[in-house]
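Engineer: First, the structure itself, so that you have it in front of you.
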Amino acid sequence: MICLGIEGTAHTIGVGIVDGDCSVMANLTKMIDGSKGGIHPREAANHHAEHIVPLMNEAMAEAGLSYGDLTLVAFSQGPGLGPCLRTAATAARALSLSLGVDLVGVNHCVAHLEIGRKVTGCSDPVLLYASGGNTQVIAYSGGRYRVFGETLDIGIGNMIDKFGRTTGMPFPAGPRLETYARDGKELLDLPYSVKGMDVAFSGILTAATQLSRSGSSLEDLCYSIQETCFAMLVEVTERAMAHVEKDEVLLGGGVVQNKRLQEMVRIMADERGATMFVPPGPLCVDNGAMIAWTGVVMHEAGIRTPVEESGVRQRFRTDEVDLPWMM
Ligand code: ATP
Ligand code: FE2
């Protein structure tokens, strides 16, 4: 089994190639420049259309394969931005039809979970998925991956990137925020927004932007944003772990590369007698290998996506996915 997976839900187009044991033979990504503002879906889709074929050729070369060696094609069917999803889906359909191999449409959030389970060796975790556009706490329960908590407004990474834009940081702002935060000394008052199992970030963004305008230091602001937002994430993750009685916590999404977030989750896990698992960075962010691997898992469980059913699903919910491989 050799599967090529295409990721294209938002600002990243990715091509990954994995074999039946999840050995990653290539995993290349290209991201649009997000420094000028939010993502424009049409512009992002044009970017993906421009780069998808060169990226596939590059990935094949890196894997030392020719197209005839592929036995499966997988793609991110949703959730995401319509034009971006359609670009990735079109490439995937064309490739599978021309090679005469099966096609599998993959849920992006489930892919973060499946690649994490495979490469870290955890079996039944609560996933804290914190990326640019998404912030969710997901776990397997009652035959489905269910969302136990999520953001009520923007993803945590979006909040960080927007704050970075107003304070002159390069895009994406996450790594710079982490560096500044190390020199922060004072914990500033930001709204701690946990509502039941859900979180919200736009109030924190407004408050932090106002504090920045009135002269608070960038170091203190970055430190306070991290401490406040990460405490919120840890709180809802811990509550989900207690509720579903699981003793593994898996991290996914670009924001979890933050060492302070990892430290806070590790402390929470240790105190509960649980274990934290973190996939390597390139498999945490949006990437093609996670789509390819989830395609392999689904295919082995008998799932195929005929071209007639391969339309994209912008609002594809995590708990809509059938999981025959978990039975
Ligand atoms: P999705 O489509 O799943 O929402 P995405 O493409 O928006 O994902 P990812 O590629 O998973 O996001 O992650 C990018 C985000 O991670 C950006 O918002 C970036 O600022 C943030 N990020 C990266 N490194 C760090 C870090 N060290 N600390 C905090 N945030 C970080
Ligand atoms: Fe993602």
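Engineer: Below 8 Å between Cα atoms, with a sequence gap of 6+, how large is the relative contact order for the chain in percent?
Structural biologist: Across the chain, relative contact order equals 26 percent.
Engineer: Between Glu308 and Glu245, what is 0.36 nm times their sequence separation minus the Cα-Cα distance? Round to one decimal in nm.
Structural biologist: Once the chain is fully extended between Glu308 and Glu245, it gains 18.7 nm.
Engineer: What's the local net charge at Met1, with K and R +1, D and E -1, over the other residues with C-beta under 10 Å away?
Structural biologist: Local net charge: -3.
Engineer: Right, here's the next one. When the chain is fully extended, how far beyond the present Cα-Cα distance does His40 get from Val53, taking 0.36 nm per residue of separation?
Structural biologist: Here the segment from His40 to Val53 would lengthen by 2.5 nm.
Engineer: Pairs Lys195/Lys246; Lys118/Lys185; Lys30/Lys259; Lys118/Lys259: which exceed 30 Å Cα-Cα?
Structural biologist: Lys118/Lys185
Engineer: Out of all DSSP beta bridges in the chain, what portion is antiparallel? Express it as a percent rounded to 5.
Structural biologist: Antiparallel bridges make up about 60 percent of those DSSP assigns within the chain.
Engineer: To the nearest 0.05, how large is the calculated FRET efficiency for Asp189 and Thr275 if R₀ is 45 Å and r is the Cβ-Cβ distance?
Structural biologist: 0.85
Engineer: Equivalent-ellipsoid semi-axes (√(5λ), Cα gyration tensor) for the chain, whole Å, largest first?
Structural biologist: Values for the chain, descending: 34, 23, 16 Å.
Engineer: With charges set only on the Cβ (+1 for Lys and Arg, -1 for Asp and Glu), what does the dipole of the range 124-280 come to about its Cα centre, in debye to the nearest 20?
Structural biologist: For this selection, approximately 380 debye.
Engineer: Test of understanding: ordering Leu95, Leu188, Leu251 by Cβ neighbours within 10 Å, fewest first, what list do you get?
Structural biologist: Taking fewest neighbouring Cβ atoms as first place, the list is Leu188, Leu95, Leu251.
Read-outs: derived from the displayed coordinates by stated rules, not from any lab. All of these numbers come straight from a predicted model, not from anything done at the bench. Please note: Cβ atoms are built from the backbone with ideal geometry, for glycine as well, and neighbour counts cover all protein chains shown.
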